[in-house]
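These notes are about the structure you will find just below.
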Amino acid sequence: MNPIEHIRLYQDELTGWRRDFHAHPETGFEEVRTGALVAERLESWGIEVHRGIGRTGLVGVLRAGNGDRAVGLRADMDALDMPEANDFAHRSTIPGKMHGCGHDGHTTMLLGAARYLAETRNFNGTVHFIFQPAEEGQGGARSMVEEGLFHRFPCNAVYGLHNRPGMPVGQYGIRAGAMMAGCAFFDLVVQGRGGHGARPESTIDPVVCGAAIVSAYQSIIGRNVAPNDTGVVSVTGFSAGTAYNVIPDQVSLRGTVRAFRTETMALIERRMQALAASIAEGFGAEARLDFREVTVPVVNGAEQTATIADAAAAMVGEAAVDRNRIPAMGSEDFSYMMAEVPGAYILVGNGEGEAGGCEVHNPHYDFNDAAIPYGAGVLAAVVERELAPMKS
Ligand SMILES: [Zn+2]
Ligand SMILES: [Zn+2]
């Protein structure tokens, strides 16, 4: 029986856990209840649990045979600060918090894989089950890595996944190389000199200067980044002013930048600095740009991509595995683990239309429980390939 079919035998129980996680969402670094339930289940299957790595993160260790190779499987556990608009029975019970990205499903998928691997032990080596906190922009993966994740639990390869609304259940998507963009956030303050709205000649108007900077920023991707590379510069906030007839002292802008290569991200930052400084100087104003890396790009290793795509195709057929998935401009902090250990990150279909097509981070988003065996199954199957007895 292939892992998907085997894990389907636990479908009812897994669905119950997933819905319980959904009803009790916990946001970044507060995944205490979730982590305790995860640890309790892992221990009930004889898996050794190490708590408190990256604050609320935890790692389960399962060994079979005498092989010295190890594989890491990672799931994220955090919810989002957003109200849920669904009215099904397992909707969020915590006002203002929602599992709007399906990490309740990812946690459940990894539990399903752990249970299967603990029961079947059809591998030779060590599996590290990495349950990560705070994926949603708070640096959970980075904290686990900084707290010695791969020194304490060395891995030859690491694998992760994300559900994908709009992709049918039972299908997978992946590509070798850049799969998801790196992300940065920025704040920009343009300092001018305020005054009367009817006497602009006595002011340095930061609004006009800020608007010129916003326009100039739109030239960076078009004129500085190579056309066969790409990126995004989005100014998503522009605030200034308190009255109709007052030219304000300063303008605050903010936004996000995405790129698939760290070199491109650095180029964009340099251009943003240069444009802000020189445009502000030209207007007699001053600009201060604070540019912060949030995640590095997700870059799939060629070997690990082939391994997990082959593992998926062996279970669902080649036609259900898109090995040339278009890269996404979204980001994912699993990239910090993949920067330490070669790995791959695969998308798992969450379904089309009403059942599971609603986008992540939407208040109506609904994780599709029918996808659990596919996520759990591919994680289990990749272990059986990576740690196949003859390979060790
Ligand atoms: Zn998300
Ligand atoms: Zn997510």
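The values are calculated or read from the model by the stated rules, or taken from the named source; none is laboratory data. What you are looking at is a predicted structure, and each value in this text was computed from that prediction instead of being measured. Note that each Cβ is placed from the backbone with ideal geometry, even for glycine, and that neighbours are counted across all protein chains shown.
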Exercise. Please specify each residue of the stretch 49-79 satisfying the condition of being surrounded by 24 or more Cβ atoms within 10 Å (Cβ to Cβ), over 21 Å from GLY375 (Cα atoms) and either within 16 Å of ligand 2 (Cβ to nearest atom) or among the polar types (S, T, N, Q) (or both).
Key: THR56
Practice problem: State the number of residues belonging to the stretch 158-213 that are within 24 Å of HIS361 (Cβ to Cβ) and of a type in the set (A, V, I, L, M, F, W, C). | Solution: 12
Practice problem: Determine if the stretch 71-79 includes at least one residue that is among the basic types (Lys, Arg), assigned to a loop (DSSP other than H, G, I, E, B) and within 16 Å of ligand 1 (Cβ to nearest atom). | Solution: no
Quiz item: Going through the stretch 115-153 one residue at a time, which ones are in contact with a helix residue (DSSP H, G or I) (Cβ under 7 Å, 6 or more places away or on another chain) and part of a loop (DSSP other than H, G, I, E, B)?
Solution: ASN122, PHE123, ASN124, PRO133, ALA134, GLU135
Quiz item: Give me the pairs: first residue in the stretch 125-142 and basic (Lys, Arg), second residue within 13 Å of ligand 2 (Cβ to nearest atom), beta-carbon distance under 8 Å, and six or more apart or on different chains, which are they?
Solution: ARG142/ASP333
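Go through the stretch 109-139 and give me each residue that's within 15 Å of ligand 1 (Cβ to nearest atom) and not polar (S, T, N, Q).
Just the residues of the stretch 109-139 that are within 15 Å of ligand 1 (Cβ to nearest atom), to begin with: 132-139.
Within the stretch 109-139, PRO133, ALA134, GLU135, GLU136, GLY137, GLY139 qualify.
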Quiz prompt | Any chance ASN362 is in contact with a helix residue (DSSP H, G or I) (Cβ under 8 Å, 6 or more places away or on another chain), within 16 Å of ligand 1 (Cβ to nearest atom) and touching a residue at least 24 places away in the same chain (Cβ under 8 Å) | solution = no
Quiz item: Is there any pair linking a residue in the stretch 88-103 that is over 19 Å from GLY357 (Cβ atoms) to one that is charged (D, E, K, R) and within 16 Å of ligand 1 (Cβ to nearest atom), with Cβ under 6 Å and at least six apart or on different chains, and which?
Solution: SER92/GLU84
Quiz item: What number of residues within the stretch 239-255 are crowded, with 17+ Cβ neighbours inside 10 Å and touching a strand residue (DSSP E or B) at 6+ places or on another chain (Cβ under 6 Å)?
Solution: 6
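Inside the stretch 89-113, can you point out the residues that are over 18 Å from VAL348 (Cα atoms) and either part of a helix (DSSP H, G or I) or basic (Lys, Arg) (or both)?
Result: ARG91, LYS97.
If I filter the stretch 263-276 for residues that are at pLDDT 95 or above and part of a strand (DSSP E or B), do I get at least one hit? Can you show your working first?
Pass one, the stretch 263-276, residues at pLDDT 95 or above: 263-276.
Imposing the further condition that a residue be part of a strand (DSSP E or B) reduces the set to none.
The answer is no, given that none of the residues of the stretch 263-276 is at pLDDT 95 or above and part of a strand (DSSP E or B).
Identify, from the list ALA311, ALA226, ALA243, ALA287, the residue that is modelled with pLDDT of 95 or more, of a type in the set (Gly, Ala, Ser) and in a helix (DSSP H, G or I).
Values: ALA226 fails: in a helix (DSSP H, G or I); ALA243 fails: in a helix (DSSP H, G or I); ALA287 fails: in a helix (DSSP H, G or I).
Testing whether each residue is modelled with pLDDT of 95 or more, of a type in the set (Gly, Ala, Ser) and in a helix (DSSP H, G or I) leaves just ALA311.
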Self-check item: Any hit, the stretch 253-260, residues being within 16 Å of ligand 2 (Cβ to nearest atom), of a type outside the set (A, V, I, L, M, F, W, C) and in contact with a Gly (Cβ under 8 Å, 6 or more places away or on another chain)
Solution: yes
Quiz item: Can you pull out the residues in the stretch 316-344 that are under 13 Å from the mean Cα position of the chain (by Cα) and either assigned to a loop (DSSP other than H, G, I, E, B) or without any contact (Cβ under 8 Å) to a residue 12 or more places away in the chain (or both)?
Solution: MET329, GLY330, SER331, GLU332, ASP333, PHE334
Exercise. Give the residues of the stretch 80-116 that are of a type in the set (Asp, Glu) and either closer than 26 Å to GLU340 by Cβ or within 11 Å of ligand 2 (Cβ to nearest atom) (or both), sorted by residue number.
Key: ASP104
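Here is a list: ILE279, ILE220. Which entry is in contact with a Lys or Arg (Cβ under 9 Å, 6 or more places away or on another chain), outside any strand (DSSP E or B) and at pLDDT 95 or above? It would help to see each step written out before you state the result.
Values: ILE279 fails: in contact with a Lys or Arg (Cβ under 9 Å, 6 or more places away or on another chain).
It is ILE220.
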Quiz item: Which members of the stretch 294-338 meet the condition of being of a type in the set (Gly, Ala, Ser) and away from ligand 1 (no atom under 16 Å from the Cβ)?
Solution: GLY301, ALA302, ALA306, ALA309, ALA311, ALA312, ALA313, ALA314, GLY317, ALA319, ALA320
Quiz item: Name the residues in the stretch 345-384 that are of a type in the set (A, V, I, L, M) and assigned to a helix (DSSP H, G or I), would you?
Solution: ALA355, ALA370, ALA371, ILE372, ALA376, VAL378, LEU379, ALA380, ALA381, VAL382, VAL383
